[in-house]
1. Being without any contact (Cβ under 8 Å) to a residue 60 or more places away in the chain and under 18 Å from the mean Cα position of the chain (by Cα) is the filter here, so list the residues in segment 13-24 that pass it.
2. Please determine, by comparing only the residues of segment 123-132 that are open to solvent by less than 30 Å² (accessible area, probe 1.4 Å) and of a type outside the set (Gly, Ala, Ser), which one is nearest to residue 11 (Cα to Cα).
3. Output the number of the condition that residue 28 fails; it satisfies all remaining conditions of (1) of a type in the set (A, V, I, L, M, F, W, C); (2) open to solvent by less than 20 Å² (accessible area, probe 1.4 Å); (3) out of contact with any strand residue (DSSP E or B) (no Cβ under 6 Å at 6 or more places or on another chain); (4) part of a helix (DSSP H, G or I).
4. Among the residues of segment 2-13, is any of a type in the set (Lys, Arg), in a helix (DSSP H, G or I) and either at pLDDT below 95 or open to solvent by 90 Å² or more (accessible area, probe 1.4 Å) (or both)?
5. Report yes if some residue within segment 110-121 is closer than 24 Å to residue 17 by Cα, touching a residue at least 60 places away in the same chain (Cβ under 8 Å) and of a type in the set (S, T, N, Q); otherwise report no.
6. Step by step: first the residues of segment 35-44, then only those that are at pLDDT below 95 and either open to solvent by 20 Å² or more (accessible area, probe 1.4 Å) or part of a strand (DSSP E or B) (or both), then the one that is farthest from residue 109 (Cα to Cα). Which residue is that?
Amino acid sequence: MAYPMRFAAMHEAGDAWLADCSAHPALVREAWEMEALAPIASGPHWLAAEAQLVTGMQALNRIRDEQRGPVLADPLLEKAWWLVPFTAGADLADLRQLVVQPAGWTLHCPPTGWHACGRFWLSCPDGTGQLTDPTMLAAAFGPGGYRRPTEAP
């Protein structure tokens, strides 16, 4: 029965990291306790790279789990947001499929372990602060798209 404990611990660590990215972590936790989305401004910790949901899911499948950071989805808005390093704006500026929102832009987030108001994490924050490398993300969204290396037989 260790699996449920690891699962819960991962979400607790992800929630702690995400709340700490806010200027008001206690308010983030209060919103989640009310099963509401918590407004977290992008800023020194990460920026949000916004994509159409279908395109974002295709890119998600092109990047290995261990190489990607958090990705938030909203099926009603047909949007996905990739959390990328604060310096990623210039690296992703030429991709038409992505809009890197500026610092101070608010992303309304559910906790990592469940959905709220229709939003959920396609790839959850894990508490380490890992973000998706903009080069990897650009390749996944690029014309041919990044392709996972095939494993040797």
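1. Kept after step one, since they are without any contact (Cβ under 8 Å) to a residue 60 or more places away in the chain, are these residues of segment 13-24: 19-24.
Those that are without any contact (Cβ under 8 Å) to a residue 60 or more places away in the chain and under 18 Å from the mean Cα position of the chain (by Cα): 19, 20, 21, 22.
2. Top of the filtered list is 125.
3. Just one mismatch for residue 28, condition (3).
4. Looking only at segment 2-13, we keep the residues that are of a type in the set (Lys, Arg), and these are 6.
Going one step further and asking which of them are in a helix (DSSP H, G or I), we end up with 6.
Filter once more, so that each one left must be either at pLDDT below 95 or open to solvent by 90 Å² or more (accessible area, probe 1.4 Å) (or both): 6.
Yes: one or more hits.
5. Yes, that holds for at least one residue.
6. Narrowing segment 35-44 to residues at pLDDT below 95: 35, 43-44.
Adding the requirement that they be either open to solvent by 20 Å² or more (accessible area, probe 1.4 Å) or part of a strand (DSSP E or B) (or both) leaves 35, 44.
Details: 35: 11, 44: 17 Å.
In this case the residue turns out to be 44.
A quick yes/no check of all residues on (1) closer than 21 Å to residue 14 by Cα; (2) in contact with a strand residue (DSSP E or B) (Cβ under 9 Å, 6 or more places away or on another chain); (3) surrounded by 16 or more Cβ atoms within 10 Å (Cβ to Cβ):
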position: 67; (1), (2), (3): yes, no, no
position: 70; (1), (2), (3): yes, yes, yes
position: 74; (1), (2), (3): yes, yes, yes
position: 94; (1), (2), (3): no, no, no
position: 97; (1), (2), (3): no, yes, yes
position: 118; (1), (2), (3): yes, yes, no
position: 121; (1), (2), (3): yes, yes, yes
position: 138; (1), (2), (3): no, no, yes
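The values are calculated or read from the model by the stated rules, or taken from the named source; none is laboratory data. What you see is a predicted model; the values in this text were computed from it and never measured. Here the Cβ is made from the backbone with ideal geometry for all residues, glycine too, and neighbour counts use every protein chain on show. To get the accessible areas, we keep the full protein, side chains included, count just its heavy atoms, and leave off ligands, DNA and RNA. Shrake-Rupley method; radii C 1.70, N 1.55, O 1.52, S 1.80 Å.
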